[in-house]
1. Closer than 30 Å to Asp138 by Cα and modelled with pLDDT of 80 or more: is that true of Ile24 in this structure?
2. Check the range 108-130 and report whether any residue there is at pLDDT below 60, surrounded by fewer than 16 Cβ atoms within 10 Å (Cβ to Cβ) and touching a Ser or Thr at 6+ places or on another chain (Cβ under 6 Å).
Amino acid sequence: MKHKVALIVAASLTAFLLVFGGAIAGRLTQAKAISSAPAPTADEIQSLYAQREAQYQARLDEANQALNDAYAQLDAVKSANVSASVVDPSQGTANSTVNLSPQDAMLIAFLANPQSRIVRMPDLVNFQGTVAYEVTLDQGVVYIDANDGTVLYNGAAQTTSVQSPTFGGEHEEQEGNDRD
């Protein structure tokens with residue numbers, strides 16, 4: 001049995017040395033292949049740099065052009081008073097057209113209540129059977145007809161300033177009211 005163990009240990013040690021030696025030989029041949037490759041010259045490096053820079057600039061120009069196109073489309077949408085179809089969610093059919101933009105509705109609500117501030121963007125709603133913009137102001141809600149721009153309901157608080165009269169000079173004391 002001693003001979004079997006010695007034989008197995010010897011075989012294992014031999015296999016280990018062969019694998020280890022092969023790995024070292026492979027590394028050495030790989031290092032020779034790398035070192036034998038010619039190093040790039042300064043002109044080749046400069047050419048590669050110029051090529052990558054040109055690709056970068058081309059992609060940058062494409063991205064800037066895409067942004068400019070998007071901005072132009074956004075400006076066109078903002079400036080156009082587009083008529084849109086409004087769909088009634090309960091029926092799933094188009095029931096009216098909108099001839100007024102949300103910005104126009106905000107302007108009308110502000111002109112009706114110049115002392116107010118607009119809190120959020122107007123929403124299209126059904127106000128008593130009429131398609132309207134609900135404009136939320138800091139002093140209340142205003143409903144603007146989405147087709148003709150009339151004010152359907154103005155819930156913004158109308159503030160009226162009442163000035164109390166001011167008296168100049170000294171106040172006259174009434175006789176008999178002295179409580180000394």
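The values are calculated or read from the model by the stated rules, or taken from the named source; none is laboratory data. Computed from a predicted structure; not experimentally measured. Quick reminder, even Gly has a Cβ in these numbers, built from the backbone with ideal geometry, and neighbours come from all protein chains shown.
1. Considered against the rule, which asks whether it is closer than 30 Å to Asp138 by Cα and modelled with pLDDT of 80 or more, Ile24 comes out as no.
2. no
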